[in-house]
Amino acid sequence: MVQEKKLVENVSGWLRIYDDGSVDRTWTGPPEAKFMAEPVPPHEEFIDGVATRDITVAESNRSVRLYLPEITSADKEKLPVVVHFQGGGFCISEPDWFMYYNMYTRFARAARFICVSPFLRRAPEHRLPAAIEDGFSTLLWLQSVAKGESKELWLEKHADFSRVFLIGDSSGGNVVHEVAALAGKASLKPLRLAGAIPVHPGFLRSTRSKSELEKPQSPFLTLDMLDNFLALALPVGSTKDHPITCPMGEAAPPLSGLKLPPFLVCLAEMDLIWDTEMEYYEAMKKANHDVELFVSKGMTHSFYLNKIAVDMDPNTAAETEALIARVKEFIEKH
């Protein structure tokens, strides 16, 4: 007789864990939204001005998705490189999901950069700091390409390794901070980390903030996700006061002691975790880091990844365009 496995954890339609330890990340929310979590195959031909390629980095045995905008006569110089870290509370999502493909092809086309998006290991199978290690190993791989020790034709031909930026959505914003801090302690020449862009970063404290109690939940961030994803992702026995989720807290290294590139912190006015995100921004300013703030008015967490809302709501579409324009301006400045 085959014993049925039992469900022990179900997080907001995104993640189910069973008593045998197996994990199911099939979307079980509204079926009309399922396409956003479906993988998009790579295509080396240019579609709407962008080509994509998936490669495996031999040193780490991790996959990386590349986005290359079609080179035009206006591109007189090599293109900056933007390393993207996916969100999902360290537990769900992949760089090839439609929501990221849709957004980062737009970003690469509009802001004229090569996007490098590593497939970060996910919890609960791989608890933190696994995703941080994968993020930093991506920089080391880029360094080896820049030095001619590793091969990747698109990067060798088109990348400006003196202008490498980090960007990350939600928990990917946490990875941005941690990888930037690690880069500040390392010699990455000839690669230069020129800037970092945490977008709606998952910075929290173990106690509920006022915004968590008062601001709206959304498909991309619920209190259930905040609590359960991080319980599955953080080292066993840790709380949200852990340095990865609370870099402005007492348990974290002092921000003033970190060597960091210029930062653009992008927030959404109606984000559940607005209070602690703003606390991080203020702490970075107090520590005398070069940090700018951009706020999307009236928007919720990761709003720009929701293609349905972007297509149907003029305000969401306008705020998405404004976010793309601000990121482009930051990259061009540095």
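The values are calculated or read from the model by the stated rules, or taken from the named source; none is laboratory data. Treat the numbers as computed from the prediction; the structure is a model and nothing was measured. Note: ideal-geometry Cβ built from the backbone for every residue, glycine included; neighbour counts use all protein chains shown. When the accessible area is computed, the model is the full protein with side chains, heavy atoms only, and any ligands, DNA or RNA have been set aside. Shrake-Rupley method; radii C 1.70, N 1.55, O 1.52, S 1.80 Å.
A few remarks follow.
- The set of residues in region 139-190 that are assigned to a helix (DSSP H, G or I) and aromatic (Phe, Trp, Tyr) comprises Trp141, Trp154.
- Those residues of region 37-76 which are more than 17 Å from Ser117 (Cα to Cα) and either open to solvent by less than 70 Å² (accessible area, probe 1.4 Å) or not small (Gly, Ala, Ser) (or both), in sequence order: Glu45, Phe46, Ile47, Asp48, Gly49, Glu70, Ile71, Thr72, Asp75, Lys76
- Among the candidates Pro243, Pro253, Pro235, residue that is open to solvent by 10 Å² or more (accessible area, probe 1.4 Å), assigned to a loop (DSSP other than H, G, I, E, B) and in contact with a Leu (Cβ under 9 Å, 6 or more places away or on another chain): Pro235
- Extreme residue, nearest to Cys91 (Cα to Cα), among residues of region 119-159 that are acidic (Asp, Glu) and open to solvent by less than 40 Å² (accessible area, probe 1.4 Å): Asp134
- Condition check for Thr28: assigned to a strand (DSSP E or B) and touching a Lys or Arg at 6+ places or on another chain (Cβ under 8 Å): no
- The one condition in (1) over 30 Å from Gly237 (Cβ atoms); (2) without any contact (Cβ under 8 Å) to a residue 60 or more places away in the chain; (3) under 15 Å from the mean Cα position of the chain (by Cα); (4) outside any strand (DSSP E or B) that Glu45 fails to fulfil: (3)
- Residue list for region 101-118, filter: within 23 Å of Glu38 (Cβ to Cβ) and open to solvent by 30 Å² or more (accessible area, probe 1.4 Å): Tyr101, Asn102, Arg106, Arg109
- Residue check, Val81 out of contact with any Pro (no Cβ under 6 Å at 6 or more places or on another chain) and in a strand (DSSP E or B): yes
- Among (1) surrounded by 23 or more Cβ atoms within 10 Å (Cβ to Cβ); (2) part of a helix (DSSP H, G or I) - the single one Pro198 does not satisfy: (2)
Residues checked against (1) out of contact with any Phe, Trp or Tyr (no Cβ under 6 Å at 6 or more places or on another chain); (2) farther than 19 Å from Val310 by Cα; (3) without any contact (Cβ under 8 Å) to a residue 24 or more places away in the chain:
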{"residue": "Val11", "(1), (2), (3)": "yes, yes, no"}
{"residue": "Asp24", "(1), (2), (3)": "yes, yes, yes"}
{"residue": "Trp27", "(1), (2), (3)": "yes, yes, yes"}
{"residue": "Glu32", "(1), (2), (3)": "yes, no, no"}
{"residue": "Ala37", "(1), (2), (3)": "no, no, no"}
{"residue": "Lys76", "(1), (2), (3)": "yes, yes, yes"}
{"residue": "Val82", "(1), (2), (3)": "no, yes, no"}
{"residue": "Gly89", "(1), (2), (3)": "no, yes, no"}
{"residue": "Arg106", "(1), (2), (3)": "yes, no, no"}
